Amino acid sequence: MRQNVTRLGPLDRHLVGPFSKSMLKGERNRGEKVARYLALHLRFEIDMVAHSLCEYGGGEEERNELEAYREIHFPALVELKKTTKLPSPAALKAEGLCPLMPEETVLMLAALGFNRQTRIYLAGAHIYGGKSRLASLTTLYPNLVTKESLLSSSEIEPFMNFSSQLAALDFIVCTAADVFAMTDSGSQFSSLVSGFRVYFGRGKMATIRPNKRRLADIFVKNNTIDWRTFEQRVRKAVRQTKRVFSRPVGRSVYRYPRCKECMCNT
């Protein structure tokens, strides 16, 4: 992702130690651009989608597929649906309890000003719906890559049977990114990445944590507002989540490392 850089990223040495020096390609010339990229953790795997009880535009076929998945992997949730009146998909969406779809993620990134030339590293496992579901993302952002497309088969083969090691590859690239965007702030992976960036980046590493409840309200009105207004509302919704908070009582120190027990006071 660094592509023949002549200057390291601020967190590279914390992530890969002395190996970071092997990425450098000579002296940096004045005016030379540093390879920059955005890392995106698109939490839209089938387990997340099925457990959310939300709907994603796939109609009856999608509902049947997700229900069959729940019966195998989430039987307790299936039984709960039979005995308890749960919120409707629309209500869950309005409360920000549904994962952002790839189509919504594209709108968010475009509204934030990321253009077609933006280099994006997509982290995560298999996206529900596969390539067809990612079509909107790859169409607007053709410079989108994954670890599978970056590495040769021989390079990635040693990691293939170890999910934690594959996640570690994503962790390194996401944490080192110039901008990290998540679609689900409750994800353990996203929490670890953002916490590492706060601790070692001293709160200066750009991280996008969308407020899904606010975005849901904006997306509902998408057909009735012009693009400029849409941009302004999305940017306001994201700006309100940019602040780095001190760790609330009882919350994970990995997600909220800014606390007197963890951060250096000097």
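Determine the share of the stretch 135-213's accessible area contributed by carbon and sulfur atoms, expressed in whole percent, with a 1.4 angstrom probe.
57 percent
Under the rule of at least 5 residues apart or a separate chain, name every residue whose amide H is placed under 5 Å from the amide H of residue 208.
180, 181, 182
Can you put 220, 193 in order of accessible area, largest first, using a 1.4 Å probe?
Solvent-accessible surface, decreasing: 220, 193.
Need one value: the accessible area of residue 132 in square angstrom, 1.4 angstrom probe, rounded to the nearest 10.
100 Å²
Take the Cα pairs of the stretch 9-162, get the Kirkwood Rh, then feed it into Stokes-Einstein at 10 °C and 1.306 mPa s and tell me D in µm²/s.
After rounding, the answer is 85 µm²/s.
Residue by residue through the stretch 78-89, which ³J(HN,Hα) values in whole Hz follow from phi under the Karplus form 6.51 cos²θ - 1.76 cosθ + 1.60 (θ = phi - 60°), with glycine and proline marked x?
5, 5, 5, 4, 6, 10, 10, 7, 8, x, 6, x
Which whole-Hz ³J(HN,Hα) couplings does the stretch 172-182 yield from phi under the Karplus relation 6.51 cos²θ - 1.76 cosθ + 1.60, θ = phi - 60°, glycine and proline marked x?
4, 5, 5, 5, 7, 4, 5, 9, 10, 10, 10
Taking the convex hull of the Cα atoms, report for the stretch 121-191 its projected area averaged over all directions, in nm².
If you wrap the Cα atoms of the stretch 121-191 in a convex hull and average its projections, you get 5.4 nm².
How much of the accessible area of the stretch 43-132, probe 1.4 Å, is carbon plus sulfur, in whole percent?
58 percent
Identify, among 149, 168, 215, the residue whose Cα sits farthest towards the positive end of the charge dipole of the stretch 146-247, taking +1 on the Cβ of Lys and Arg and -1 on the Cβ of Asp and Glu, with the dipole about the Cα centre.
Projecting each Cα onto the dipole axis, the largest value belongs to 215.
Using θ = phi - 60° and the Karplus form 6.51 cos²θ - 1.76 cosθ + 1.60, what ³J(HN,Hα) does each residue of the stretch 218-228 get, whole Hz, x for Gly and Pro?
5, 5, 4, 8, 4, 7, 10, 10, 7, 4, 4
Can you compute log10 of I(q)/I(0) for the stretch 75-121 with the Debye formula, treating each Cα as one identical point scatterer, at q = 0.33 Å⁻¹?
Values, matching the q order: -1.13.
The values are calculated or read from the model by the stated rules, or taken from the named source; none is laboratory data. All figures in this text were calculated on a predicted structure; none of them were measured in a lab. FYI the Cβ positions are ideal-geometry reconstructions off the backbone, even for glycines, and counts take in every protein chain you see. With ligands, DNA and RNA removed, areas are computed over all heavy atoms of the protein, side chains included. Shrake-Rupley method; radii C 1.70, N 1.55, O 1.52, S 1.80 Å.
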